[in-house]
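Everything below concerns the one structure shown next.
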Amino acid sequence: MKLITCLKNINDIDKLNFVDEVIIPTKYSIYYDELIEEAEIKQAINKLEEMNVKAIISIDALISEEKLDEVFNFINQYLESRCDFIFSDFAVLSYFRSNNLDLSRLIYSSSTYICNCDDIQYYHDLNIRVFVSNELSLDDLVLNCKYDNVILQAYGYFPIYYSKRNVLSLFKNYTGIDFDVNKEYEIKEELRSEKYIIKEFNDFDTHSVILNAYQICIYKELNDINPNYIYVNTSNIDVLKIYYDGLSNSIFSIDNELALKNIDERIDKSLLYIRPSILNKDEKN
C-alpha cells in the first residue's frame, strides 16, 4: 500500500519526505488551496525526485475547446520529468493516445463515477490508475480495491459539486452584496445544519466547486479494503504520519483512528456503513 498526498504549499515540500507520491495542483486543477505557480512546478518535481517521491501533476479540470492547445503545451513541458498526470477530461487521454505517450503515467480522477469492477478493469487494461468512488459501501470498496490500479481517498474533503458557472460572482451580482469572490466561503442550506465549503476559481476557465461538509476518514477499514494506493488529502503532517504509521506497521488501529478524531472532529465515514451494496452478483462472485 502506497501513500499519496497533495502539496498545499510549496514551502511544505520538505515535510513530505516519507510519502510515496505527491499531487501538485495547478491552475488546471478542479480545486486547490493555494495555486502552485508554473515557475515552481519543476522546482517541486525536482525536489520530490531528490527525496525519492514521485510527483503527480493535476490537470483534472474540464477543458473548453479553445483551451485544449494551452493544456497540451503545458503537458509537453513535463513529459521528460519524473511525474504522472491526473485527468478527468478525456481530451487528455486522447492526446496521450494519439501521440503514443505512455498511458501508465495517467490517473483518471472521476469523482464518483468509478464504482464498479467493469469500469476499473477497462482502465486496468489500459494501464491507467483510477480514483474509485468513496461513496460506496464497505463491501463494494473491498471488491473494487482488489485491482492494483485503484486509488482510494482515505481522508480529506472532496468535491460534491463542480460547475463551469462562476457561482459566487453570480450571487454577488444578484444580491448586490460586496465581497471578494476569490476567497473560500461556507454555505448552508436552509433546512440543514451542515456547512459546505464553496470556492470560485478564475485562473484558468472559470469554475466553482463545493466540497462536502466533512472530511472523509477511512482508517481502520483499510485493514479489510487493502487498496494499493491511499490518498490522504490534508496539509496536517500529524494526520499523514498516522496513516504512515498504519502502513509501516501493516495495521490500522482503532487507537490511531481515535487520534485522527482528536485532531479534527469534522470527520465522517461517508456511506461506508449506510449505503447497501450496488455491485451485481457476478461482480461479487
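Just so it is clear, none of the values below were taken in a lab; they were calculated from the coordinates. As the structure is a computational prediction, the values presented were derived from the model and not from experiment. With ideal geometry, Cβ positions are generated from the backbone for all residues, glycine too; neighbour counts draw on all protein chains shown.
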inquiry  = List the chymotrypsin sites (Phe, Trp or Tyr not before Pro) within segment 50-156 that DSSP assigns to loop and that have no more than 14 neighbouring Cβ atoms inside 10 Å.
reply    = 113
message = For a quick check, take a GNM of the chain with Cα springs below 10 Å and name the residue from 248, 208, 58 with the largest mean-square fluctuation.
response = 248
request  = Would you work out which of 202, 167, 177 lies farthest towards the positive end of the dipole of segment 163-208? Charges go on Cβ: Lys and Arg +1, Asp and Glu -1.
outcome  = 167
note = Partner lysines whose C-alpha sits under 18 Å from that of residue 27, ignoring same-chain residues fewer than 8 away, are 8, 42, 67, 164, 183, 199
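Are there any GluC sites (Glu not before Pro) in segment 56-152 that are in a DSSP loop and have at most 15 other Cβ atoms within 10 Å? List them by number. Walk me through the numbers on the way to the answer.
Values: sites: 65, 66, 70, 80, 135; in loops: 80, 135.
Answer by residue number: 80.
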query = Shape call for segment 130-285 from the C-alpha gyration tensor, a ≥ b ≥ c root eigenvalues: rounded (a/c under 1.5), prolate (a/b greater than b/c) or oblate?
reply = prolate
remark   = Listed residues 221, 184, 200; largest mean-square fluctuation, Gaussian network over the chain with Cα springs below 10 Å, found at 184
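Given 0.36 nm per residue, what is the gain on full extension from residue 255 to residue 175 after removing their alpha carbon distance, in nm?
Additional length available on full extension: 24.0 nm.
Please report the antiparallel percentage of the DSSP beta bridges confined to the chain, to the nearest 5. Could the numbers behind the result be given before it?
Numbers: 14 of 43 bridges.
Taking every DSSP beta bridge with both residues in the chain, the antiparallel ones total about 35 percent.
Under a point-charge model restricted to the Cβ atoms of Lys and Arg (+1) and Asp and Glu (-1), what is the dipole moment magnitude of segment 163-208 relative to its Cα centre, in debye to the nearest 20?
On the way: 8 positive and 10 negative charges, 23 e Å.
Magnitude of the dipole: close to 100 debye.
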message = Taking the Cα centroid of segment 135-179 and of segment 208-236, what is the distance between the two, rounded to the nearest whole Å?
response = 12
message = I'm spelling it out carefully: the read-out is Cα extents along the principal axes in Å, the candidates are (i) 51, 43, 40; (ii) 81, 43, 38; (iii) 52, 49, 42, and one was derived from this structure. Which label?
response = (iii)
task = At 0.36 nm per residue, minus the direct Cα-Cα distance, what do residue 161 and residue 122 gain on full extension? Give it in nm, one decimal, please.
result = 11.5 nm
